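The values are calculated or read from the model by the stated rules, or taken from the named source; none is laboratory data. It should be emphasised that the depicted structure is a prediction, and the values quoted were computed from it without experimental measurement. Every residue, glycine as well, gets a Cβ built from its backbone with ideal geometry; the counts of neighbours run over all protein chains shown. Just the protein is used for accessible areas: all its heavy atoms, side chains included, with ligands, DNA and RNA removed. Shrake-Rupley method; radii C 1.70, N 1.55, O 1.52, S 1.80 Å.
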Amino acid sequence: MFVTELGREKLRTVFGEAAERYDRCRPGYPAELFDDLGTIGPRSRVLEIGCGTGQATLSLARLGCAIVAVELSTDMAAIARQHLVGFPTAQVVVSAFEDWTLPAAGFDIVLSATAFHWLDLAVRTSKAADALCPGGTLAVISTHHIAGGTESFFAEVQECYERFDPTTPPGLRLSASGDVPTDSTEIDESRRFGPVQFRRYEWEQTYSTHEYIDLLLTYSGHRAMPPAQQTGLLNCISNLIDTGYGGRITKRYMTQLATAHRTS
C-alpha cells in the first residue's frame, strides 16, 4: 500500500489509541532472534526506536542490557514501563525519534522492532547511524504474514476485504516466505554501514474468532477504516471463522532480522 507522508504521520499514531489491546494481542518475537544479535549483554548499550508496549524491550532487559527506548505514544510508553519494573537499566522516553536529541555517548545497538518503516525516510537511517558507536549494529526487525496456517481461510477472507475495502486488489493471495523480498537499498545507499545480513524465523499462532478480531483492531489500516466499513468487514470475517472453521484459525508469520554495522 502506498502511503503519503501525511498518511504515514496519521497512521503511525493510531496504535496508541489501542495500547492495551496492542499489548494483549500483538505477538512477540522469537527468542533465537535475540541470540542472533551477537555479543549482547550487561555491557551493551541499546537504543530501541518505537518500543510500543515493550515486547522486544523486555527480552533485551532480561539480557541485562542498558536500554533507552523511545516511543511516540504516551499510553504505549506507560505499559512498557510497567513491563520493565525491576529492570533499572531500562528507561522509556516519550518522543518521536526524529525529534529526540541523541545523547553524547553512542550506543552499541540501535534496534527497531516493527516500527522502522513508520519513521521519516529522510531521517531514520542517518540518525540511527549517528546514534551508534563506530562498529555498532543497526538491527531492524519486521514481521510478515505469509502463506501457511489455515490457508483456505486466508484465501476465502479476501472476499470480505474486496466487499468492504475498495482498495483491496482483487484475488490477492499471501506470498510464500521465499517470495518476500529482502531489500537493503536504503541502508546501502546511506554509505554509513557495511553489508546487510538477513535472518528469518517462521512460526504459527492459533486464534479464536474473538482473538483474531481483537488482533485485526491493532492494525493501522483496519483502525483507520470508516466505522461502517470496519464493522461490516469484521462481521464478515467473524462469520467466516465461526461457520467455516469452527471458531479457530491459524496464522503463519515470518519475522525478519536485518543487521548492519556502522562504518562511518
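Among (1) part of a helix (DSSP H, G or I); (2) at pLDDT 95 or above, where does His261 come up short? Of everything listed in (1) part of a helix (DSSP H, G or I); (2) at pLDDT 95 or above, His261 misses just condition (1). Being open to solvent by less than 30 Å² (accessible area, probe 1.4 Å) and under 15 Å from Arg45 (Cβ atoms) is the filter here; which residues of region 117-135 pass it? Answer for region 117-135, where residues must be open to solvent by less than 30 Å² (accessible area, probe 1.4 Å) and under 15 Å from Arg45 (Cβ atoms): Ala128, Ala131, Leu132. Among the residues of region 203-241, those identified as more than 19 Å from the chain's Cα centre (by Cα) and within 17 Å of Ala18 (Cα to Cα) are His210, Met225, Pro226, Pro227, Gln230, Thr231, Leu234. Within region 226-237, the set of residues being surrounded by fewer than 17 Cβ atoms within 10 Å (Cβ to Cβ) and either in contact with a helix residue (DSSP H, G or I) (Cβ under 9 Å, 6 or more places away or on another chain) or part of a helix (DSSP H, G or I) (or both) comprises Pro227, Ala228, Gln229, Thr231, Gly232, Asn235, Cys236. Taking region 196-245 as the range and being touching a strand residue (DSSP E or B) at 6+ places or on another chain (Cβ under 8 Å) and within 16 Å of Glu156 (Cα to Cα) as the test, the residues that pass are Thr209, Tyr212, Ile241. Any residue at all in region 32-50 that's at negative phi and in contact with a His (Cβ under 9 Å, 6 or more places away or on another chain)? Checking region 32-50: not a single residue is at negative phi and in contact with a His (Cβ under 9 Å, 6 or more places away or on another chain).
Matching residues to (1) over 30 Å from Val110 (Cβ atoms); (2) without any contact (Cβ under 8 Å) to a residue 40 or more places away in the chain; (3) surrounded by fewer than 17 Cβ atoms within 10 Å (Cβ to Cβ):
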| position | (1), (2), (3) |
| --- | --- |
| Ala155 | yes, yes, yes |
| Leu172 | yes, yes, yes |
| Asp179 | no, yes, yes |
| Pro195 | no, no, yes |
| Thr243 | yes, yes, yes |
| Lys251 | no, no, no |
| Arg262 | no, no, no |
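Taking the numbered list (1) under 23 Å from the mean Cα position of the chain (by Cα); (2) open to solvent by 40 Å² or more (accessible area, probe 1.4 Å); (3) closer than 26 Å to Phe107 by Cα in turn, Leu257 passes all entries but (2).
Output yes when any residue across region 64-75 is at pLDDT below 95 and under 19 Å from Val140 (Cβ atoms), and no when none is. Taking every residue of region 64-75 in turn, none turns out to be at pLDDT below 95 and under 19 Å from Val140 (Cβ atoms).
When Phe193, Phe164 are checked against the criterion of being in contact with a Leu (Cβ under 7 Å, 6 or more places away or on another chain) and more than 24 Å from His261 (Cα to Cα), Phe164 stands alone in meeting it. Could you list, in sequence order, all residues of region 42-78 that are open to solvent by 10 Å² or more (accessible area, probe 1.4 Å) and acidic (Asp, Glu)? Hits for region 42-78 are Glu71, Asp75.
Number of residues in region 1-25 that are open to solvent by 40 Å² or more (accessible area, probe 1.4 Å) and either modelled with pLDDT of 90 or more or in a loop (DSSP other than H, G, I, E, B) (or both) equals 9. Residues that are among the charged types (D, E, K, R) and closer than 17 Å to Cys133 by Cβ within region 32-52 comprise Arg43, Arg45, Glu48, listed in sequence order. Can you find, within region 242-254, the residue that is farthest from the chain's Cα centre (by Cα) among those that are of a type in the set (Val, Ile, Thr) and in a strand (DSSP E or B)? In this case the residue turns out to be Ile249.
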